[in-house]
Amino acid sequence: MADKDVPPRWDRRMQQRLARGEAAALGELYDRFASLVHSLAHRVLGEEAAADTVTREVFAHIWEHPETYDPKQGNLRSWVAAVVHRLAVQRLRDSETAALPRRSERATEDLERKVSRASAAARADYIVHSMPAPLRAALELAYFQRRDYRQTATDLGVTEDEARRRLRLGLQLLSTAHDTGTPPGYGGAV
């Protein structure tokens, strides 16, 4: 039986290749995670150009600092998401701060609320894209297509009890989106 504390072999090999400076490894990593990185950055920042900039910054950080990934803390995908989150939130704070001539207490509170909402939205997006396909399918039917649990069960070809279980578990996962900190599954920041 595999040890759950051991990250997937691909993650370990990728980190080793990046540490050796293999440009092809960065290309593979980009192919695998560019969509995730860009969508999380866009979710936090709300604009395409800023998301493009953060995407470049994330992959530059990964290239320059592959040793900051700790396989014991979680998988590579979670670490990449944590890097995106940290850099995007920092960029959001920097841009909002630059736009304020003088930082008043109210302006600071507004900024922190905006950052908090953007972080929660990015976490929710990450959670939905990371959850198992059966849970994601049930949530999509119920919430985007406005199906009740009976219709969801029929559409998925499962029992009503199974549809309710999937919806409940999916909602429990999504409820963690308002938790502060790094994306689920990665205990340490960058």
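Do we have ASP94 as modelled with pLDDT of 75 or more, open to solvent by 30 Å² or more (accessible area, probe 1.4 Å) and over 28 Å from HIS38 (Cα atoms) here? No; evaluated as a whole, the condition is false for this residue. Looking only at the range 11-42, residues that are open to solvent by 60 Å² or more (accessible area, probe 1.4 Å), hydrophobic (A, V, I, L, M, F, W, C) and touching a residue at least 24 places away in the same chain (Cβ under 8 Å) come to 1 in all.
Only one of the numbered conditions (1) within 25 Å of SER116 (Cα to Cα); (2) touching a residue at least 24 places away in the same chain (Cβ under 8 Å) is violated by ARG56, and that is (2). GLU67 meets all of the listed conditions (1) of a type in the set (Asp, Glu); (2) at pLDDT below 90; (3) open to solvent by 60 Å² or more (accessible area, probe 1.4 Å) but one, namely (2). Would you be able to tell me the number of residues in the range 70-86 that are buried (at least 19 other Cβ atoms within 10 Å of the Cβ) and over 18 Å from LEU29 (Cα atoms)? Count: 0. The requirement of being assigned to a loop (DSSP other than H, G, I, E, B), among the charged types (D, E, K, R), at pLDDT 75 or above and surrounded by 14 or more Cβ atoms within 10 Å (Cβ to Cβ) is fulfilled nowhere in the range 121-139; no residue meets it. Just one of the numbered conditions (1) surrounded by 18 or more Cβ atoms within 10 Å (Cβ to Cβ); (2) under 20 Å from HIS129 (Cβ atoms); (3) at pLDDT 90 or above is not true of GLU57: (2). Taking the criterion of being open to solvent by 50 Å² or more (accessible area, probe 1.4 Å), β-branched (Val, Ile, Thr) and modelled with pLDDT under 90, the only residue of the range 143-189 that qualifies is THR180.
The values are calculated or read from the model by the stated rules, or taken from the named source; none is laboratory data. All of these numbers come straight from a predicted model, not from anything done at the bench. Heads up, the Cβs are rebuilt from the backbone with ideal geometry, glycines too, and the neighbour counts pull from every protein chain shown. Surface areas here come from the heavy atoms of the whole protein model, side chains and all, with no ligands, DNA or RNA. Shrake-Rupley method; radii C 1.70, N 1.55, O 1.52, S 1.80 Å.
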